[in-house]
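The block underneath contains the structure these notes are about, expressed in structure tokens.
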Amino acid sequence: VQLVESGGGLVQAGGSLRLSCAASGSIFSINGMGWYRQAPGKQRELVANINNGAIANYADSVKGRFTISRVNAKNTVYLQMNSLKPEDTAVYYCKASAVGWFTWGQGTQVTVSS
């Protein structure tokens, strides 16, 4: 499975961005997809994930501001980010998981200016 992310960029605090992650390859085996982020000097952390039953899980820091969604027909998962804060600045990575393996995308930079 290959993952290609897009949609990052520079935005002012309070603004919005939508990230996309398109999966290709043996996608039938995927049972969950998610977004993680890593800020400079910090560990990679979960932002949100969603399983095949469309059940989503969010980090407390983004609840009420970010929404993860998945369009199976397009093999794509989205992360709608609203009310962005400077502390949301990070490289955002898409992750696909299946039984026995997982894989990452290349990452996309999100920078929120104050």
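Taking only protein heavy atoms into account and a 1.4 Å probe, give the accessible area per residue of the chain in Å².
Details: 5960 Å² over 114 residues.
I get 52 Å² per residue for the chain.
Apply 1/(1 + (r/R0)^6) to the Cβ-Cβ distance of VAL71 and SER113, taking R0 = 25 Å, and write down the FRET efficiency to the nearest 0.05.
It comes to 0.25.
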Exercise. Taking the Cβ of TYR36 as the center, what net charge do the other residues with Cβ under 12 Å away carry, scoring Lys and Arg +1 and Asp and Glu -1?
Worked result: +2
For this session: Choose one answer from PHE28, PHE102, PHE66: the residue with the largest mean-square fluctuation in a GNM of the chain with alpha-carbon springs under 10 Å.
Result: PHE28
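Arrange the residues THR76, THR89, THR67 by how much accessible surface each exposes, largest first, with a 1.4 angstrom probe.
Details: THR76 15, THR89 35, THR67 75 Å².
In descending accessible area the options line up as THR67, THR89, THR76.
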For this session: Could you pull the accessible area for VAL110 with a 1.4 Å probe, rounded to 10 Å²?
Result: 0
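Hey, got a sec? Which trypsin sites (Lys or Arg not before Pro) in the range 7-113 land in a DSSP loop and have at most 11 other Cβ atoms within 10 Å? If you can, show how the numbers build up before the last one.
Details: sites: ARG18, ARG37, LYS42, ARG44, LYS63, ARG65, ARG70, LYS74, LYS95; in loops: LYS42, ARG44, LYS63, ARG65.
Here the sparse-neighbourhood loop sites are LYS42, LYS63.
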Exercise. Once the whole set of protein chains is in place, how much accessible area is left on LEU79, using a 1.4 Å probe, in Å² to the nearest 10?
Worked result: 0
Problem set entry | Hits among aspartates and glutamates - C-alpha to C-alpha of LYS63 under 16 Å, sequence gap 8 or more where chains match | GLU45, GLU87, ASP88
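Taking the Cβ of SER83 as the center, what net charge do the other residues with Cβ under 14 Å away carry, scoring Lys and Arg +1 and Asp and Glu -1?
Values: positive: ARG18, LYS63, ARG65, LYS85; negative: GLU87, ASP88.
Every neighbour counted, the sum reads +2.
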Exercise. What percent do you get for the relative contact order of the chain when only Cα pairs under 8 Å and 6+ apart count?
Worked result: 37
Problem set entry | Computed FRET value (nearest 0.05) for LEU46 with LYS85, which takes r as the C-beta separation and R₀ as 22 Å | 0.80
For this session: Rank ALA98, ALA73, ALA22 by mean-square fluctuation in a GNM of the chain with C-alpha springs under 10 angstrom and give only the top-ranked residue.
Result: ALA73
Problem set entry | Share of carbon and sulfur in the accessible heavy-atom surface of the chain [1.4 Å probe, %] | 51
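The values are calculated or read from the model by the stated rules, or taken from the named source; none is laboratory data. Bear in mind that the values here come from a model prediction, so they are computed numbers and not experimental data. Positions of Cβ are generated from backbone atoms using ideal geometry, with glycine treated the same way; all protein chains shown enter the neighbour counts. SASA here: full protein model, heavy atoms, side chains in, ligands and nucleic acids out. Shrake-Rupley method; radii C 1.70, N 1.55, O 1.52, S 1.80 Å.
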